[in-house]
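The values are calculated or read from the model by the stated rules, or taken from the named source; none is laboratory data. Because the structure is predicted, anything quoted here is derived from the model rather than measured. Cβ: placed from backbone, ideal geometry, glycine included. Neighbour counts: every protein chain shown.
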Amino acid sequence: MAIFVLCFLMLEAIGLLVLWQQKRRGLPPSQTIAFLGAGIAFGFAVLIVSIDGSPLLLAAALGIAFLFHLSDIWLRWRN
């Protein structure tokens, strides 16, 4: 199930980035990558837990999600 969520999030990211590039509509790429990056990293964390993966990999995925989340907050406050 986590694989489907990850695939959907990646397709969403590609669609939003293409929409911005072609029509300059929607969120700018920096904001799109920031908020979807957090979701993708959390998706990987769920996948790691579901396959009983390494706690170190889980910590890395959650740390990356946290960094994306912080960048998303910073970008929103800046605007």
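What are the pairs with Cβ atoms under 7 angstrom where one residue, in segment 3-21, is small (G, A, S) and the other, located anywhere, is modelled with pLDDT of 90 or more? Sequence gap at least six, or different chains.
Taking only residues 6 or more apart or on different chains, the pairs are A13/T32; A13/L36.
For segment 14-53, enumerate the residues that are of a type in the set (V, I, T) and within 20 Å of D72 (Cβ to Cβ).
I14, T32, I33, I40, V46
Considering only segment 29-72, state which residues are among the polar types (S, T, N, Q) and either at positive phi or buried (at least 17 other Cβ atoms within 10 Å of the Cβ) (or both).
We begin by selecting, within segment 29-72, every residue among the polar types (S, T, N, Q); these are 30-32, 50, 54, 71.
Residues satisfying the conditions are Q31, T32, S71.
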